[in-house]
Amino acid sequence: MSEYIINGRKKFDGIIKVQGAKNSILPILAGTVLCQGKVILHYCPQISDVETAINILRCLGCRVQRDNHTITVDSKHMNGYTIPDELMREMRSSVMFLGAILARTGYAEISLPGGCELGARPIDMHLSALVQMGMTFEENHGKIYCQTANSLHGANIHLSFPSVGATENILLAGVLAKGTTIITNCAREPEIVDLADFLNSCGAKITGAGESVIYIEGVDRLHDTQYSVIPDRIVCATYMTAVAVSGGKLFLENVIKPHMNSILSLIEQSGCQIEETKSGICIQSDCQLQKFPLIRTMPYPGFPTDMQAPFMAMSCFAQGTSVFVENIFDSRYRHAYELCRMGAKIDIQGKVAIVEGNRKNMSGSTVEAKDLRGGASLIVAGLGAEGTTVVKGGEYIERGYEKIEEYLSNAGADIVKI
Ligand code: EPU
């Protein structure tokens, strides 16, 4: 259990190098079981979800070594096919191992995945796609027993919604399947492209990643590789919202700007100054923020659901009324009630949140993180609020933000973790 103590309204003046992307490294770690050899991954964030993925790999019999931001996985002697319930419950991405384990061993035992409580998060699309590729499964006493008669085979799979996780599971299952798999209406997130680039660097034949149709031509085996994951666009954007509410200047290094388009234009419209250079993005804020235009969360390249909470924290400090519509998850407003403890005025009606912003209302308080991005939004609010804020439930934030207190305090904020 950890908590963050923040003394707000300290101006930023510094540099942060953005960590590697959580939502890239997790499916890529699952993908390492497909290469019957050594994979060296660079730029891996030091966050607890990555530790969980490493523990899953070790349970499966893979050898994993970690040296700062580099992880080496040797899956040559992998002999397991079961993910223990306690690891499945720790994060939703544990389900990503299903396609990979099945492709490698023909058998997999999992239970329903856990992760942040964001409303119902079924895995029906994952299962039905794998069934189309030759899997059969039985559910018994909370466990899902999956197998293939021979090996997985290619299929034409149409997703009813561009699910990130389902697209990744099909990619992982498809690279060693017999024949060609085509996914239509697939997710187009940069993390999907990163997974496909990683798999292609091991010898897979995937084309179309980043577009709404992906083609996977099955190959017989994958080989060793070294790969660096992309920077985390959500972490980068969270730091930008922190500067927006606190004031000052921050240079963010290691950013892929096109991944941030939907976010940067809104931050600029709110009144912050953004300057792009070859090596990153500089943001400056004088704290005179204006309300946002209507924000609707959408699959990429739309506005990301993962940024809804930090943007809501920012809107609490802006002049005027901002309106959010959460279209991806049905219970992703739990941070709003905590923001209200800090003086925010937020009205929730189903999918819609209406925020009446006013910087003067925001004062430090004791609040509790209920999920990862909601937790980050409370840190953002604490940095901008008058006085001291205590954010409890730090373990949620540690799932996705590497040493957030260190990065922020080195750049001018007053925040400690206890
Ligand atoms: N859905 C189904 N059935 C399925 C799969 C998804 O109904 O079989 C629904 C979900 O319940 C949800 C919607 O489809 O309402 C979108 O879910 P998706 O599968 O796209 O999300 P995910 O793979 O579970 C990933 C990220 C999330 C991010 C979402 C949306 C990872 C590890 N997680 O989740 O990241 O919010 O995509 O972009 O990549 C986070 O980082 O804090 C986080 C929650």
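The values are calculated or read from the model by the stated rules, or taken from the named source; none is laboratory data. Being a predicted model, the structure only gives us computed values, none of them experimental. Cβ: placed from backbone, ideal geometry, glycine included. Neighbour counts: every protein chain shown.
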- Message: Residues to consider are GLN284, GLN308, GLN273; find the one that is under 22 Å from the mean Cα position of the chain (by Cα) and modelled with pLDDT of 95 or more.
- Response: GLN308
- Task: State all residues of the range 12-46 that are away from the ligand (no atom under 16 Å from the Cβ), within 23 Å of ALA242 (Cα to Cα) and among the β-branched types (Val, Ile, Thr); if no residue qualifies, say none.
- Result: ILE15, ILE16
- Item | Total residues in the range 204-224, condition within 24 Å of the chain's Cα centre (by Cα) and either assigned by TED's automatic domain parsing to the domain that holds PRO299 or charged (D, E, K, R) (or both) | 1
- Which of the residues belonging to the range 184-205 are farther than 18 Å from LEU29 by Cβ and of a type in the set (A, V, I, L, M, F, W, C)? CYS186, ALA187
- Condition met for ILE157 (assigned by TED's automatic domain parsing to the domain that holds SER111, free of Cβ contacts under 8 Å to residues at least 40 places away in the same chain, in contact with a Phe, Trp or Tyr (Cβ under 8 Å, 6 or more places away or on another chain) and not in a loop (DSSP other than H, G, I, E, B)): no
- Message: Just to be sure I understand the filter: pairs with C-beta atoms under 6 Å, separated by 6 or more residues or on different chains, first member in the range 1-25 and polar (S, T, N, Q), second member in a loop (DSSP other than H, G, I, E, B). Which pairs pass?
- Response: GLN19/PRO45; GLN19/ASP232; GLN19/GLU402; SER24/VAL229; SER24/ILE230
- Task: For the range 165-178, indicate whether the set of residues that are within 14 Å of the ligand (Cβ to nearest atom), more than 19 Å from PRO27 (Cβ to Cβ) and either crowded, with 20+ Cβ neighbours inside 10 Å or free of Cβ contacts under 8 Å to residues at least 40 places away in the same chain (or both) is non-empty.
- Result: no
- Would you check if there is a residue in the range 256-267 being of a type outside the set (Lys, Arg), farther than 23 Å from GLU189 by Cα and in contact with a helix residue (DSSP H, G or I) (Cβ under 9 Å, 6 or more places away or on another chain)? no
- Query: Considering the range 368-382 alone, what residues qualify as being in contact with a strand residue (DSSP E or B) (Cβ under 6 Å, 6 or more places away or on another chain) and away from the ligand (no atom under 15 Å from the Cβ)?
  - Reply: GLU368, GLY382
- Note on the structure: Filtering the range 47-100 for residues that are modelled with pLDDT under 95 and within 13 Å of the ligand (Cβ to nearest atom) leaves a count of 7
- In this structure, does GLN46 turn out to be within 21 Å of the chain's Cα centre (by Cα) and not basic (Lys, Arg)? yes
- Message: One residue is enough: does the range 184-191 have a residue meeting the conditions within 20 Å of LEU34 (Cβ to Cβ), within 13 Å of the ligand (Cβ to nearest atom), of a type outside the set (Lys, Arg) and in contact with a strand residue (DSSP E or B) (Cβ under 6 Å, 6 or more places away or on another chain)?
- Response: yes
- Query: How many residues are part of a loop (DSSP other than H, G, I, E, B), more than 23 Å from GLN19 (Cα to Cα) and among the basic types (Lys, Arg) if we restrict to the range 255-298?
  - Reply: 1
- Does any residue of the range 202-215 turn out to be assigned to a strand (DSSP E or B), modelled with pLDDT of 95 or more and within 16 Å of the ligand (Cβ to nearest atom)? yes
- Message: One residue is enough: does the range 51-65 have a residue meeting the conditions crowded, with 24+ Cβ neighbours inside 10 Å and over 18 Å from ALA108 (Cβ atoms)?
- Response: no
